[in-house]
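The values are calculated or read from the model by the stated rules, or taken from the named source; none is laboratory data. Keep in mind it's a predicted model, so treat the numbers as computed, not measured. Here the Cβ is made from the backbone with ideal geometry for all residues, glycine too, and neighbour counts use every protein chain on show.
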Amino acid sequence: MRDLSIVKKELLAALPGRVRFDEPMRLHTSFHLGGPAEIWAEPNGEQQLQKVLSIASTAALPITLIGGGANLLVRDEGIPGMVVHLAGSSFQYSRREGSIFIAGAALPLEWLVRRTQEAGLSGAEFLAGVPGQVGGGIRMNAGTHDDEGKFHHFGDIVQSIRVMDYSGNGRSLNPDQIGFRYRGTELKNQIVLEAHLDLSPGDPAIVADRVKRLWEFKKKTQDWSSPSVGCIFKNPKPHAPGEPAKGAGWMIDQAGLKGTRIGGAMISNKHANFIMNLGDAKAADVFALIAMAREKVKKQFGADLELEVQVLPSEGRGE
């Protein structure tokens with residue numbers, strides 16, 4: 001690795017005012033916890049992004065991409081190397097082209113829902129109340145039940161995306177190339193820059209009414225009392241065809257773990273698949289609750305709970 005002091009100077013020259021060092025990750029995740037990022041870089045535009053990637057490559061710095069931080073559990077020791085966060089108007093744009101809605105990767109999902117509604121398009125309403133940004137929503141194939149019990153995935157409305165690899169090369173990908181799956185994609189070392197969403201014409205008033213109902217539904221069923229990342233675990237698949245699906249939250253509840261607290265973290269009393277930061281939680285507290293829930297659910301139901309939350313760095317103890 002090159003002399004880090006030289007790398008820092010190059011980054012400060014390439015991104016004036018948009019580079020920080022030992023940046024607390026608690027400021028950038030919905031969990032409000034986690035150790036520092038060694039280098040935090042916020043390119044505003046594709047040219048700046050290419051420059052940052054080039055500097056990181058030359059310096060052999062590991063790269064971690066962070067979007068809205070809505071589904072991240074950052075370890076207490078922090079993230080080594082460079083954390084890249086797309087920011088600014090160059091990545092937060094949106095426009096309508098017929099029934100296609102084009103959105104930059106850093107556009108918050110809340111803005112996406114509102115802007116598609118204002119543009120007279122329907123199909124993105126299910127994202128109401130889903131935190132994060134477009135890029136992260138695509139990478140994680142964000143999904144949720146609506147107030148009618150139907151499940152929707154981000155991949156259902158994606159026509160194509162534009163990405164950049166870590167060498168700075170851009171290309172477009174269709175859904176088959178993206179490889180959408182439950183709570184994930186096949187995207188590796190690809191930075192989402194832009195999404196083309198295939199929506200349908202819709203009366204703004206009708207769309208707004210549906211968005212309102214979905215917000216009300218989520219407020220009734222989810223716990224927003226303290227910082228969290230939403231669901232910690234994926235819902236397990238049934239053991240046999242035709243067997244009723246049992247959600248992770250239901251299993252954790254049946255295991256008697258609602259309200260269980262370790263340090264500053266607690267399993268929600270309202271939704272057992274939520275772990276709440278009561279104000280001073282450490283990642284270690286959350287990992288301890290994760291381990292407890294897995295052990296209890298495995299013993300009682302024989303199910304192996306798989307994390308839905310993304311852990312950074314991905315390698316290490318405690319997961």
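Per-structure values
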quantity: Subset of segment 166-202 (residues that are among the charged types (D, E, K, R) and modelled with pLDDT under 95); calculated: ARG181, ARG183, GLU186, LYS188
quantity: Per-region count, segment 109-131, residues under 16 Å from the mean Cα position of the chain (by Cα) and of a type outside the set (A, V, I, L, M, F, W, C); calculated: 3
quantity: Checklist (1) in contact with a Leu (Cβ under 8 Å, 6 or more places away or on another chain); (2) modelled with pLDDT of 95 or more; (3) under 23 Å from GLY230 (Cα atoms) applied to PHE126, failing item; calculated: (2)
quantity: Residue ID - nearest to ILE102 (Cα to Cα), chosen from residues in segment 198-207 that are among the hydrophobic types (A, V, I, L, M, F, W, C) and either in a helix (DSSP H, G or I) or in the same structural domain as GLN48 (by TED's automatic domain parsing) (or both); calculated: VAL207
quantity: All strands (runs of 3 or more DSSP E) inside segment 1-76 with 1 or more residues being under 22 Å from GLY279 (Cβ atoms); calculated: 19-24, 36-41, 72-74
quantity: Cβ-Cβ under 6 Å pairs, at least 6 apart or on other chains, segment 249-272 side in a helix (DSSP H, G or I), far side surrounded by 15 or more Cβ atoms within 10 Å (Cβ to Cβ) and aliphatic (A, V, I, L, M); calculated: GLY249/ALA272; MET251/VAL297; ILE252/ALA272; ILE252/ALA293; ASP253/ALA272
quantity: Every residue from segment 20-52 that is β-branched (Val, Ile, Thr) and closer than 25 Å to ALA283 by Cα; calculated: THR29, ILE39
quantity: In segment 91-108, the residues that are in contact (Cβ under 8 Å) with a residue 40 or more places away in the chain and within 15 Å of the chain's Cα centre (by Cα); calculated: ALA105, PRO108
quantity: Matching residues in segment 20-38 - criterion: being more than 20 Å from the chain's Cα centre (by Cα) and either in the same structural domain as LEU109 (by TED's automatic domain parsing) or of a type outside the set (Lys, Arg) (or both); calculated: PHE21, ASP22, GLU38
quantity: Pick from segment 1-40, criterion closer than 15 Å to THR64 by Cα and in contact with a Pro (Cβ under 7 Å, 6 or more places away or on another chain), ranking: surrounded by the fewest Cβ atoms within 10 Å (Cβ to Cβ); calculated: ASP22
quantity: Which numbered condition ASP253 fails, given (1) out of contact with any Leu (no Cβ under 9 Å at 6 or more places or on another chain); (2) buried (at least 18 other Cβ atoms within 10 Å of the Cβ); (3) modelled with pLDDT of 90 or more; calculated: (2)
